[in-house]
Amino acid sequence: MNNEVIWLSIAALAISSTTALAHGDKGHDANKQAYDASKVEERAFGREGNPKQVTRVVKLGMSDAFRFTPANITVKRGETVKFIVHNDGKQMHEMVLGTTEELKEHAELMKKFPEMEHADANMAHVKPGGSGEIVWQFTKAGEYQFACLIPGHYEAGMVGKVTVK
């Protein structure tokens with residue numbers, strides 16, 4: 001095994017969680033664990049939010065034109081946002097929150113391992129016509145992204161921006 005594959009495998013393990021679901025026909029939300037404050041981890045772009053402390057709801061659409069609507073969102077630092085993501089298309093889509101670097105790395109891994117299993121609090125994997133949710137608390141100011149990391153979707157421009165002020 002070459003070093004690139006080893007490092008990519010390590011990155012995959014760091015990015016993915018132990019509660020897993022393949023990128024098949026199922027949505028991640030079906031297997032999402034109930035919120036447990038003792039298991040919340042701080043990330044570069046915030047942390048899983050407590051659903052009982054949501055301060056704002058943002059509805060997003062995902063389309064087969066490989067776009068999110070809206071594609072740009074501004075939130076306040078400390079705000080807990082519930083994203084309700086609807087798949088308006090006829091193929092599987094997902095929304096994954098992260099830093100630009102994390103999402104690029106994850107997209108590359110998805111190209112190499114399209115059936116990679118994962119279901120983290122920062123993602124919603126949504127069947128055609130379905131909806132998913134992400135509850136996220138943005139604890140740090142900055143610019144972050146959300147993207148669909150299904151192979152080919154990210155490369156086609158299925159990326160949005162979250163600005164935390």
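What are the residues in segment 118-130 that are crowded, with 16+ Cβ neighbours inside 10 Å and small (Gly, Ala, Ser), if any?
Going residue by residue through segment 118-130, those that are crowded, with 16+ Cβ neighbours inside 10 Å are 118-127, 130.
Within segment 118-130, Ala119, Ala121, Ala124, Gly130 meet the criteria.
When you go through Leu109, Leu97 one by one, which is the residue that is more than 22 Å from Gly49 (Cβ to Cβ), in contact (Cβ under 8 Å) with a residue 60 or more places away in the chain and surrounded by 15 or more Cβ atoms within 10 Å (Cβ to Cβ)?
Step by step, each of Leu109, Leu97 is checked, and only Leu109 is more than 22 Å from Gly49 (Cβ to Cβ), in contact (Cβ under 8 Å) with a residue 60 or more places away in the chain and surrounded by 15 or more Cβ atoms within 10 Å (Cβ to Cβ).
Take the residues in segment 33-64 that are part of a strand (DSSP E or B), hydrophobic (A, V, I, L, M, F, W, C) and open to solvent by less than 40 Å² (accessible area, probe 1.4 Å), then tell me which one is nearest to Ala156 (Cα to Cα).
Here the answer is Met62.
In segment 143-161, is there at least one residue being in contact (Cβ under 8 Å) with a residue 60 or more places away in the chain, farther than 16 Å from Phe68 by Cβ and surrounded by fewer than 21 Cβ atoms within 10 Å (Cβ to Cβ)?
Looking through segment 143-161, none of the residues is in contact (Cβ under 8 Å) with a residue 60 or more places away in the chain, farther than 16 Å from Phe68 by Cβ and surrounded by fewer than 21 Cβ atoms within 10 Å (Cβ to Cβ).
Can you spot a residue in segment 60-78 that is of a type in the set (Phe, Trp, Tyr) and either in contact with an Asp or Glu (Cβ under 6 Å, 6 or more places away or on another chain) or farther than 18 Å from Gly132 by Cβ (or both)?
No, segment 60-78 contains no residue that is of a type in the set (Phe, Trp, Tyr) and either in contact with an Asp or Glu (Cβ under 6 Å, 6 or more places away or on another chain) or farther than 18 Å from Gly132 by Cβ (or both).
The values are calculated or read from the model by the stated rules, or taken from the named source; none is laboratory data. Keep in mind it's a predicted model, so treat the numbers as computed, not measured. Ideal geometry is used to build each Cβ from the backbone, glycine not excepted, and the neighbour counts take in all protein chains shown. Note: areas computed on protein heavy atoms with side chains; ligands, DNA, RNA excluded. Shrake-Rupley method; radii C 1.70, N 1.55, O 1.52, S 1.80 Å.
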